[in-house]
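The values are calculated or read from the model by the stated rules, or taken from the named source; none is laboratory data. Since this is a predicted model, take the numbers as computed values, not measurements. Here the Cβ positions follow ideal geometry from the backbone for every residue, glycine too, while neighbour counts run over all protein chains shown. To get the accessible areas, we keep the full protein, side chains included, count just its heavy atoms, and leave off ligands, DNA and RNA. Shrake-Rupley method; radii C 1.70, N 1.55, O 1.52, S 1.80 Å.
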Amino acid sequence: QIQLVESGGGLVQTGGSLRLSCAASDHMFDSYAMGWFRQAPGKERDVISTISWDGVNQYYESSVKGRFTISRDNAKSTVYLQMNSLIPEDTAVYYCAWGPLLYGGRCTREYDYWGQGAQVTVSS
């Protein structure tokens, strides 16, 4: 079983930046894609970014494209989400996810393991 441990959430003002990290407990991490999702209160958990197993292919949801950057360090079994130019609409709990995919999926059902969630709050 793979464990995913997230860190880096917090409170930031509009226009600020945060970097989320997600460390995996298993060496299988570097063979598969990873995804970042977020869930705001009363809303569904939606994909915001994915990265292929080798880091070459990346996907960004339209509202974060140009502001967020996903990356991975397979030597550290860690995936990152750099979030810049944050706005109040980015406030949510952010989850990293692992699934047996070479290229990132956009549906929650494609992922088997989830991080514990990191709260990101952007104040206006």
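Overview of values
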read-out	value
Where a residue in segment 55-81 is more than 21 Å from Phe29 (Cβ to Cβ) and of a type in the set (Gly, Ala, Ser) and its partner, wherever it lies, is at pLDDT below 95 and open to solvent by less than 40 Å² (accessible area, probe 1.4 Å), with Cβ under 6 Å and at least six apart	none
Thr108 being among the hydroxyl-bearing types (Ser, Thr, Tyr), surrounded by 17 or more Cβ atoms within 10 Å (Cβ to Cβ), under 14 Å from the mean Cα position of the chain (by Cα) and over 20 Å from Ala24 (Cα atoms)	no
Leu11 being open to solvent by 60 Å² or more (accessible area, probe 1.4 Å), of a type in the set (A, V, I, L, M) and in contact (Cβ under 8 Å) with a residue 60 or more places away in the chain	yes
Residue list for segment 73-105, restricted to those being among the polar types (S, T, N, Q), surrounded by 15 or more Cβ atoms within 10 Å (Cβ to Cβ) and out of contact with any strand residue (DSSP E or B) (no Cβ under 7 Å at 6 or more places or on another chain)	Asn74
Test: residue in segment 49-57 that is of a type in the set (Val, Ile, Thr), open to solvent by less than 70 Å² (accessible area, probe 1.4 Å) and within 16 Å of Val93 (Cα to Cα)	no
Matching residues in segment 62-102 - criterion: being closer than 16 Å to Glu6 by Cβ, among the basic types (Lys, Arg) and over 12 Å from the mean Cα position of the chain (by Cα)	Lys76
Positions within segment 94-110 being over 13 Å from Tyr59 (Cβ atoms) and among the hydroxyl-bearing types (Ser, Thr, Tyr), in sequence order	Tyr94, Tyr95, Thr108
Hits in segment 47-61 (condition: closer than 18 Å to Gly8 by Cβ and more than 14 Å from the chain's Cα centre (by Cα))	none
